[in-house]
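All remarks here apply to the structure that follows.
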Amino acid sequence: QIERLCARDNNTPELAKKILAAQASRETRLARADDVIDNSGPAAELEPKVAALHAQYLKLAQSGS
């Protein structure tokens, strides 16, 4: 995460650590999330997961109207 923050925003490692420290922990975010997509596998497995979740949300949106 620190490397990504530094590369993405041209931050120093010290600033990146402060940014991460100010955020909720991964455990807290996962506990509060309604849905989580695990993208630790091959990239080819990610698109079907996203499509399935998108379809689920489309159904929820249609049933709510």
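The values are calculated or read from the model by the stated rules, or taken from the named source; none is laboratory data. Here the structure is a predicted model, which means the values were calculated and not measured. Here the Cβ is made from the backbone with ideal geometry for all residues, glycine too, and neighbour counts use every protein chain on show. What goes into the accessible areas is simple: the full protein's heavy atoms, side chains included, and nothing from ligands, DNA or RNA. Shrake-Rupley method; radii C 1.70, N 1.55, O 1.52, S 1.80 Å.
Out of curiosity, is I19 without any contact (Cβ under 8 Å) to a residue 24 or more places away in the chain, open to solvent by less than 90 Å² (accessible area, probe 1.4 Å), assigned to a loop (DSSP other than H, G, I, E, B) and in contact with a helix residue (DSSP H, G or I) (Cβ under 9 Å, 6 or more places away or on another chain)? So I19 fails the test. On the given criteria, is N11 touching a helix residue (DSSP H, G or I) at 6+ places or on another chain (Cβ under 7 Å), open to solvent by less than 60 Å² (accessible area, probe 1.4 Å) and not in a helix (DSSP H, G or I)? Criteria met by N11. Taken over region 29-45, the criterion of being open to solvent by less than 70 Å² (accessible area, probe 1.4 Å) and modelled with pLDDT of 95 or more is satisfied by A33, D35, I37.
Every condition in (1) at pLDDT 95 or above; (2) open to solvent by less than 60 Å² (accessible area, probe 1.4 Å) holds for Y57 except the one numbered (2).
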